[in-house]
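The values are calculated or read from the model by the stated rules, or taken from the named source; none is laboratory data. Treat the numbers as computed from the prediction; the structure is a model and nothing was measured. Here the Cβ is made from the backbone with ideal geometry for all residues, glycine too, and neighbour counts use every protein chain on show.
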Amino acid sequence: MIPRADSKTPQFALRTEIASVRFNNPVLTASGTCGYGLDMAELIDLNRLGGICTKGLSARPMRGNAPSRIVETHGGMLNAIGLQNIGARAFVAERLPLLRRYDTRIIPNVFGYTVEEYIEAIEILEDGDGIHAYELNISCPNVSAGGESFANDPSTAAAVTRAVKRAARHPVIVKLSPNVTDIAAIARAVEEAGADALSLINTAVGMAIDIETRKPRLANATGGLSGPAIKPIAVRCVFQASRAVHIPVIGIGGIATVEDALEFIIAGASAVQVGTANFYDPSAAIKIIDGLADYCRQHDLESISALVGTVRME
Ligand SMILES: Cc1cc2nc3c(=O)[nH]c(=O)nc-3n(C[C@H](O)[C@H](O)[C@H](O)COP(=O)(O)O)c2cc1C
């Protein structure tokens, strides 16, 4: 039985506030690894999750890339799904009414290929009841600027953040890409543009080749690397970004165990997201939540937030 959350229980110690949103605990599921949340309801109790970041939503539905779209790699996977999704309107009409019955925070992940497309998706989502915050995936190509990702340049990352902040009535979490030279510069630009929080990292661009056919193993040639293989890159990015800004940072990248989650929190993350691990252990997030509560009890921590960014440098 889940203990009641009063000030004496370890579950209380996990309560977290990010961008004025109250989370029962700091463990969320990562975009694209749990569908629209409901797909996981048969496997785990969604009420136990701190929050759910949905599959990326665009103003209109998208079919995604041709197969092969997924390749297994050492300690991870490459994906080139191509942002397939049902579209913001279908999410609001069909999925959100079911999802908001759960006691968890609902965070639609939003993307577009122009600033206008981001705004269009947000405006559709604004009609929905039960949304707590948005997560902006800025790793998409900006077709108005030669296809370079919004996330790769401080000025385009700031421009899309600023425009979405004007359109959104919920807090905006901007999700950063690791495929940049200076993550701190992007984090600062996005903070100055009004972001309420950051989440990082998205996948790292990778490639795999079949040595018999000599063709790329993904139809798209390149894809996003995720899973334990990217964890050290993600911890480094969270460490650098969280020291560059004053807004909260949510850590993502290869988190599969409570030890992984604690490492991110100590590096500077106020919360974490579990991604690829959901595919092979759908209860990974629940185990991490229980593990964090145990850690708080064992270390006499009244609040997990006391641990955020406490990495010792000497
Ligand atoms: C199959 C798959 C689909 C994904 N789709 C999205 C998406 O739609 N939007 C997004 O921002 N991130 C997406 N991601 C990235 C994850 O949310 C996460 O940032 C990344 O996988 C790193 O975390 P992990 O190593 O725990 O998986 C996707 C990842 C995977 C593996």
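Quick notes on this structure:
- Scope region 245-268; condition touching a strand residue (DSSP E or B) at 6+ places or on another chain (Cβ under 6 Å), in a loop (DSSP other than H, G, I, E, B) and under 17 Å from Ile286 (Cα atoms); matching residues: Ile255
- From Arg22, Arg101, residue being part of a strand (DSSP E or B), exposed (fewer than 15 other Cβ atoms within 10 Å of the Cβ), at pLDDT 95 or above and more than 16 Å from the ligand (Cβ to nearest atom): Arg22
- Qualifying residue in region 165-174 (condition: within 15 Å of the ligand (Cβ to nearest atom), within 24 Å of Ala277 (Cα to Cα) and not basic (Lys, Arg)): yes
- Qualifying positions in region 264-307 - crowded, with 20+ Cβ neighbours inside 10 Å, away from the ligand (no atom under 16 Å from the Cβ) and among the polar types (S, T, N, Q): Ser270
So that you can scan it fast, the table gives a plain yes or no per residue for (1) in contact (Cβ under 8 Å) with a residue 12 or more places away in the chain; (2) crowded, with 22+ Cβ neighbours inside 10 Å; (3) touching a Phe, Trp or Tyr at 6+ places or on another chain (Cβ under 7 Å):
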residue: Leu43; (1), (2), (3): yes, no, no
residue: Asn47; (1), (2), (3): yes, no, yes
residue: Leu83; (1), (2), (3): yes, no, yes
residue: Glu94; (1), (2), (3): no, no, no
residue: Pro108; (1), (2), (3): yes, yes, yes
residue: Gly112; (1), (2), (3): yes, yes, yes
residue: Val115; (1), (2), (3): yes, no, no
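- Filter result for the condition that a residue is farther than 30 Å from Arg89 by Cα, touching a strand residue (DSSP E or B) at 6+ places or on another chain (Cβ under 9 Å) and surrounded by 18 or more Cβ atoms within 10 Å (Cβ to Cβ), over Ile183, Ile138, Ile209: Ile183
- Of all residues in region 188-212, those that are among the acidic types (Asp, Glu) have Cβ atoms under 7 Å from Cβ atoms of residues that are within 16 Å of the ligand (Cβ to nearest atom) and at pLDDT 95 or above, 6 or more apart or on another chain, in Asp196/Val172; Asp196/Ile173; Asp210/Arg217.
- Scanning region 191-239 for residues that are under 14 Å from Met77 (Cα atoms) and part of a strand (DSSP E or B) yields a count of 10.
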